[in-house]
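All remarks here apply to the structure that follows.
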Amino acid sequence: MRHLLPLIALLVGFVAPTFVHAHALEPGYLEISQETDSDWYVFWRKPDVQGAPMDIDVMLPDTCTELPFEAPVFDGRAWTQIWRTTCSEDLRGNTIRIDRLEEQRTDVLLRVGYLDTVNMATFRLTPDAPAVTLPAQQGLVQTLWQYGVLGFEHILEGWDHLLFVFALLVLIRDLRQLIWAVTAFTVAHSITLGLATFGVLNVPGPPVEAVIALSIVFLATEVLRSDDKPKTLASRFPWVISFGFGLLHGLGFAGALAEIGLPEQDIPAALLAFNLGVEAGQLVFIFAVLGVFLALKKTLLMVWGWSIAHGPSRQILGYPIGCIAAFWLAERLAGF
């Protein structure tokens, strides 16, 4: 492993500017609920882009009349609008589109509720597929798939969570300890994600995000410790530290899931799918990093030979990891 770390450090230095902001844009959210045969309630939440609502709009079928007559209102994280529209036809079989979504880097979650069904149908609109034709009905499988994909994408776009896992990979050199640490992290954030989703835990988002950044700073300091110093709890029992910080990261996942919303009648299923999607994305990241380590090991030894074998150790990675996390910490504290 030590033969690869200087190159990985260089790669971190090159890509760091691209993830200096830990999260991608929050997804948009559109909820349409049928109140009578022809009247529909519409709730529209646009992501915030530098203090202004994202330049996207809801395009309902031509059979629907009323449009929003009030400007979006900022709720602290995004821009919301509420209005009612009258449609001469059932929305099923008609197309709903998010105008100009193809020009953005985010998705929109669409949920539609009908008078004659209990569960709300859930759809995911993307820049590549900004419109959907509503089917006659939607099953549980489609809900599971949509929330699983959302969870998978969230973890792969959450640079702070990925940097924490990367720091674990750098810190722990024993495969068995690494497996226990990753498992403990998974169990911990699954617990708090579930508790927060069902309202048992209610912790404000900004402090959670700040402590998540602090957890990465802590791991960076452990990476920087030389091997001849007395072992700490993190080096002797890394799963304990991983579990403790995993509880905090689960609250971060819960905040993202709260922004997306859950179907009221399918909360357990959607929560399970989202969590499985998060775990799938985390595993993909771990195996990708380990794959890079293995693929480059012989190549680097052939190119650099003896000098790299006696060069900088894994500790060199502690500096870029710690600097990025410290920046996030300062940024989030300043946002209180």
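The values are calculated or read from the model by the stated rules, or taken from the named source; none is laboratory data. On a predicted model such as this, the values are computed, not experimentally measured, just so you know. Cβ: placed from backbone, ideal geometry, glycine included. Neighbour counts: every protein chain shown.
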Condition first: surrounded by fewer than 16 Cβ atoms within 10 Å (Cβ to Cβ) and at pLDDT 90 or above. Now tell me which residues in region 188-217 satisfy that. 191
Any idea how many residues of region 84-130 are closer than 23 Å to residue 262 by Cβ and surrounded by fewer than 18 Cβ atoms within 10 Å (Cβ to Cβ)? 7
Looking only at region 76-105, which residues are closer than 14 Å to residue 57 by Cβ and not aliphatic (A, V, I, L, M)? 79, 80, 81, 83, 85, 97, 99, 100, 102, 103, 104
Are there any pairs with C-beta distances below 9 angstrom linking a residue in region 139-158 that is closer than 13 Å to residue 257 by Cβ and of a type in the set (Ser, Thr, Tyr) to a residue that is part of a helix (DSSP H, G or I) and modelled with pLDDT under 80, with the two at least 6 apart or on different chains, and if so which? 147/257; 147/260; 147/266
Counting only residues that are more than 23 Å from residue 269 (Cα to Cα), in contact (Cβ under 8 Å) with a residue 40 or more places away in the chain and in a helix (DSSP H, G or I), how many does region 179-206 have? 5
Of (1) under 20 Å from residue 277 (Cβ atoms); (2) surrounded by 23 or more Cβ atoms within 10 Å (Cβ to Cβ), residue 167 fails just (1)
Of 273, 295, 325, the only residue that is modelled with pLDDT under 90 and either closer than 30 Å to residue 195 by Cβ or outside any helix (DSSP H, G or I) (or both) is 273
Close pairs from region 37-50: first more than 18 Å from residue 120 (Cβ to Cβ), partner of a type in the set (D, E, K, R), Cβ under 6 Å, at least 6 apart: 47/26
